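Structure first, commentary second.
The values are calculated or read from the model by the stated rules, or taken from the named source; none is laboratory data. Keep in mind that what you see is a predicted model, and the values were worked out from it rather than measured. Every residue, glycine as well, gets a Cβ built from its backbone with ideal geometry; the counts of neighbours run over all protein chains shown. Please note that ligands, DNA and RNA were not included when accessible areas were found on the heavy atoms of the full protein model with its side chains. Shrake-Rupley method; radii C 1.70, N 1.55, O 1.52, S 1.80 Å.
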Amino acid sequence: MTLSVLKGPIASSTIRTAIVLGGRLFVQAATLLLLVSLLGPKDFGLYAGVGAIAVLVGTLATFGTHLTLLRDISRNLTGGALLSKTLGTTSLCSLALFSLYVPLVQIYLPALSNLAWLVLGFGISEILLQPFLMVAAMEIHGRGRVASSQLLLMQPLFIRLFSIFIIWNLQLDNSLAWYVPCHILATLFPLAFVVALAPAPQWRSPWRWTLAKRAEWRELSGYALMSTSANGLAELDKVAATRFLPSEAAGIYSAGSRIVGSLVIPVIALVLAAMPRLFRAEAQSVRKLHFWLFVSAGLYGLTAAIGISVISPLIESLLGDAYKGIGEVVYLLSFSVPAVSLRATAMNVLTTLERPWLRIMLEIAGWCCIFVFAFFLFRQGVSSGMAIAIVVTEWLLAAVAIFFVITISACSSALHRVDLNE
């Protein structure tokens, strides 16, 4: 077995994407540190909980068309009809989901009934605006410009960091109320540039937008649920923490979870760079690529886990007494980093193997495991129950997902050899 599968376009694309996502990691870390200090544990807990719900609902807004757009462009299928269908379906679904999101938050988190501005702000940003930015990024990604697509998705992060820095320096009262409009504008500005400068006229011609055909909705529903189930594993613990824990404790846990979660960005860079080739590759070559993707993800995850566990006490010192206990949260969650790296790789590989429903079932099973383990541990009085639930769930999912990837790839390879012999 050779390393040649990691040379050439994938290697160069991975390096470019890793540099961009390395910048994203730095921006996210700076934003997170400023934001948790600016808001304090209680407000950050509200921010994380409502934001997680909005992100989860928002992942359904494209109804999977951003993934089929990526797939079709990667396979050199072109034409304005693809983009028109994606934009039209996204506009319909985002409006419908926004109308459901507000009552959903009120039911799940009734304590936020007096914070309608917070709920609406995140809904506008994550459900009405962000999905269109994702479509633009996937259009660029499908043409092989992975780093450029990630630069586009990074622009809201830069604007949010700049906004937080201004609010921090002006020492404005009620920082969360000032930050929410900035959160909206951070998505609106890059999207406005996309609409104004995109070469495809469909972005500036809503009257050309169309809806997916009736026969396509079943396939799209698989990709839509896959997007939601995937993001659910990253966001569900913040939603559960907001529900199960006091506001301060939820904020401390959410901050620690965000810190550890950001460590997986380099693995995402590798998988994103490889996805266009994974969609096109033959059975034999794709198995080699799978192997090296898993090896790279596992080694990186182990290294990152050791590093974050060592510096976890420094994180608590950096954030101060208000976040006392975050060092323990980070230390416990560090044990999940190798599993998250392998699980994220395996789930994306299942997507390229045309197994969206299998991925969905696995990720929804992960949702259930998180809630069941967390509820059981909280009932037993285990204060770190959420972190332990995440660690156990991620390792179980990683093992099962890798098993399915190996099995499906082996079957595809065997069928390919049979066809060649015939």
* surrounded by 16 or more Cβ atoms within 10 Å (Cβ to Cβ) and within 28 Å of residue 38 (Cα to Cα) - does that describe any residue in the range 135-149? -> no
* Residue that is farthest from the chain's Cα centre (by Cα), among those in the range 361-404 that are open to solvent by 20 Å² or more (accessible area, probe 1.4 Å), closer than 23 Å to residue 298 by Cα and small (Gly, Ala, Ser) -> 399
* To do: State whether one or more residues within the range 36-45 are of a type in the set (Phe, Trp, Tyr), assigned to a helix (DSSP H, G or I), at pLDDT 70 or above and open to solvent by 10 Å² or more (accessible area, probe 1.4 Å).
  => no
* Structure fact -> In the set 285, 309, 262, the lone residue that is among the hydroxyl-bearing types (Ser, Thr, Tyr), under 15 Å from residue 29 (Cβ atoms) and either out of contact with any His (no Cβ under 9 Å at 6 or more places or on another chain) or at pLDDT below 80 (or both) is 262
* Structure fact -> From the option list 125, 94, 99, 113, single residue qualifying as modelled with pLDDT of 90 or more, of a type in the set (S, T, N, Q) and open to solvent by 20 Å² or more (accessible area, probe 1.4 Å) is 99
* Asked: Got at least one residue in the range 190-197 being open to solvent by 40 Å² or more (accessible area, probe 1.4 Å) and outside any helix (DSSP H, G or I)?
  -> no
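Does residue 248 satisfy being surrounded by 21 or more Cβ atoms within 10 Å (Cβ to Cβ) and charged (D, E, K, R)? Show your work before the answer.
On the way: surrounded by 21 or more Cβ atoms within 10 Å (Cβ to Cβ): no; charged (D, E, K, R): yes.
The answer is no for residue 248.
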* To do: Quickly run through the range 198-242 and pick out the residues that are among the β-branched types (Val, Ile, Thr) and either free of Cβ contacts under 8 Å to residues at least 12 places away in the same chain or open to solvent by 50 Å² or more (accessible area, probe 1.4 Å) (or both).
  => 210
* Kindly provide the set of residues from the range 156-199 that are aromatic (Phe, Trp, Tyr) and more than 18 Å from residue 118 (Cβ to Cβ), ordered by number. => 158, 162, 165, 168, 189, 193
